[in-house]
There are 4 protein chains.
Amino acid sequence: MPKFNFYFPIQVRYGDLDPQWHVNNAHILTFIEQGRFAYLQALGLWNGKSFLDLPMIVADVHVSYLAPIFFGQDLRVGVRISRIGTKSLTFEYELEVTSTGQVSTRAETVMVYYSYHTHASVPVPDEWRKIINEYEGFA
Amino acid sequence: MPKFNFYFPIQVRYGDLDPQWHVNNAHILTFIEQGRFAYLQALGLWNGKSFLDLPMIVADVHVSYLAPIFFGQDLRVGVRISRIGTKSLTFEYELEVTSTGQVSTRAETVMVYYSYHTHASVPVPDEWRKIINEYEGFA
Amino acid sequence: MPKFNFYFPIQVRYGDLDPQWHVNNAHILTFIEQGRFAYLQALGLWNGKSFLDLPMIVADVHVSYLAPIFFGQDLRVGVRISRIGTKSLTFEYELEVTSTGQVSTRAETVMVYYSYHTHASVPVPDEWRKIINEYEGFA
Amino acid sequence: MPKFNFYFPIQVRYGDLDPQWHVNNAHILTFIEQGRFAYLQALGLWNGKSFLDLPMIVADVHVSYLAPIFFGQDLRVGVRISRIGTKSLTFEYELEVTSTGQVSTRAETVMVYYSYHTHASVPVPDEWRKIINEYEGFA
């Protein structure tokens, strides 16, 4: 049984590599960011265009690097929301080699629900709760 | 008739965007670099692993930005070698929106054939000439 | 006599390096972009804050890579405007090792004077011409 | 009393910004990476040149984003080693606006002491322990 309802392919670029010949640790945050936005679009929570309407800001990131990621690896990122707080959403991620299922990275980010129009945090709207609860199968 | 024998898909990332909400001009060089290495691998000229055996160094880049590239666009890069010099190779590229064929960027790079083992330029080997001539249909 | 009236220091980062152990060719565009914005701020043409009021878009880039740039090198970028067109500005740049004056990169970019408010090119305003002519010592 | 014995200036680049007009969360890992390598060089633990002799690999990262970082802010990163394990080193970091002392980011990384020659973790050598203990004032 897959651990995530949502997976998104990530293309490893030469430009992601560092002098140690593997993907740089900072670029791995770019990979999970890409997965997060694809997840929001898949659930109809963001249109992929208006960046002022992207209602979240990163508050906290925790990443465990389990294995280096190399150029040419077919990679995908699993994404889920694991917790809906009053004004925040917790995301979990796994980067894995698609063909083997080898997990390269596990990560968790806490996103504050935030308005770039008013520059203030706001409560997670009920519509978001409903859509996420349904998608993730929360009771 | 397609203008290139070789095309490679490019995934536009949120991380490629800048405050102007389109892909940053520097990241477009990363896109064409990605296409260049995919081309070399497709022709069997590089194994995609040993970066000391990647026998070229960028000498000159010319990029014409025709249209901005946006998040969510399905993009591909066309790559070809247009000229084989004594110690250099000239590459041409086009970034285009796959679904519409709209060309976003045209670019040309001059690559010096170079050994990272000896840190010196070296002549383009005959085997490379043969493979490229055949692939590009040069007389 | 220095070739540029304006120089700006660039901090080479580990994150700018690629598997070949020198600064990646795409990051060098980021260096000259940094110099360009510092130049505009120095001349009072941009406040450094409102990115919708940054009135230019990159149309064309030409870069000559003369020598690799390494981690730990003290680097600076020389910037000047070499030509003011009706609706465009041509910038010239040199990246050089500050302590030795060794030139690593020469570049030229054509910037279209552009409004991010109306998404259209506009003529270079007279006030800009006056300020630039004075700073660069044009007749 | 400063919280860190070691601080290193970070130049915020336009290229670090994302569509939300602040420094992208992934680039902040690049900032602390830059601080970490500067710290190692300052203590004489790395020569800044041979990347195969850089004896650590990132195992775990935890970042708390307290305030957004904007273009033009004068920034510095405080770095210290807070714990020396058998085969690992824990680093702590703070990014702060130099002029105001406002802390933008707190971070911790666990680095496995690692040989890129043998591709295996190795015990932290006694010489490293001695130098770090002295510099950080550990008993």
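Across the range A:121-138, the number of residues qualifying as within 11 Å of A:I84 (Cβ to Cβ) and either surrounded by 13 or more Cβ atoms within 10 Å (Cβ to Cβ) or aromatic (F, W, Y) (or both) comes to 8. Those residues that are among the β-branched types (V, I, T) and under 12 Å from the mean Cα position of the chain (by Cα), I need them from the range B:5-39; list them, please. Within the range B:5-39, B:I10, B:I28, B:T30, B:I32 qualify.
Quick one: which of C:T100, C:T90, C:T118, C:T86 is touching a Ser or Thr at 6+ places or on another chain (Cβ under 6 Å), of a type outside the set (F, W, Y) and more than 9 Å from chain B (Cβ to nearest Cβ)? Exactly one of C:T100, C:T90, C:T118, C:T86 is touching a Ser or Thr at 6+ places or on another chain (Cβ under 6 Å), of a type outside the set (F, W, Y) and more than 9 Å from chain B (Cβ to nearest Cβ), namely C:T90. The selection criterion, being away from chain A (no Cβ under 13 Å), assigned to a strand (DSSP E or B) and charged (D, E, K, R), does not hold for D:E134.
Could you look through the range B:9-47, keep only residues that are crowded, with 22+ Cβ neighbours inside 10 Å and part of a strand (DSSP E or B), and pick out the one that is nearest to the other protein chains (Cβ to nearest Cβ)? If we take residues in the range B:9-47 being crowded, with 22+ Cβ neighbours inside 10 Å and part of a strand (DSSP E or B), then B:L17 is nearest to the other protein chains (Cβ to nearest Cβ). Return the only residue of C:T86, C:T109 being buried (at least 19 other Cβ atoms within 10 Å of the Cβ) and modelled with pLDDT of 95 or more. It is C:T109.
Rundown of residues vs (1) modelled with pLDDT under 95; (2) over 16 Å from B:G72 (Cβ atoms); (3) of a type in the set (S, T, N, Q); (4) in contact with a strand residue (DSSP E or B) (Cβ under 8 Å, 6 or more places away or on another chain), yes/no style:
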| position | (1), (2), (3), (4) |
| --- | --- |
| B:M1 | yes, yes, no, no |
| B:N5 | no, yes, yes, yes |
| B:R13 | no, no, no, no |
| B:L17 | no, no, no, yes |
| B:W21 | no, no, no, no |
| B:N25 | no, yes, yes, yes |
| B:L29 | no, yes, no, yes |
| B:F37 | no, yes, no, no |
| B:G48 | yes, yes, no, no |
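In the range D:48-59, the count of residues that are among the small types (G, A, S), more than 13 Å from chain A (Cβ to nearest Cβ) and part of a loop (DSSP other than H, G, I, E, B) is zero. Taking the conditions (1) surrounded by fewer than 19 Cβ atoms within 10 Å (Cβ to Cβ); (2) out of contact with any Gly (no Cβ under 9 Å at 6 or more places or on another chain) in turn, A:G72 satisfies each one other than (2). Here C:V79, C:V63 are screened, and the one residue that is within 12 Å of another protein chain (Cβ to nearest Cβ) and buried (at least 20 other Cβ atoms within 10 Å of the Cβ) is C:V63.
The values are calculated or read from the model by the stated rules, or taken from the named source; none is laboratory data. Note that the coordinates shown come from a computational prediction; the quantities given were computed from them, not determined experimentally. Cβ atoms come from the backbone with ideal geometry, glycine included; neighbour counts cover every protein chain shown.
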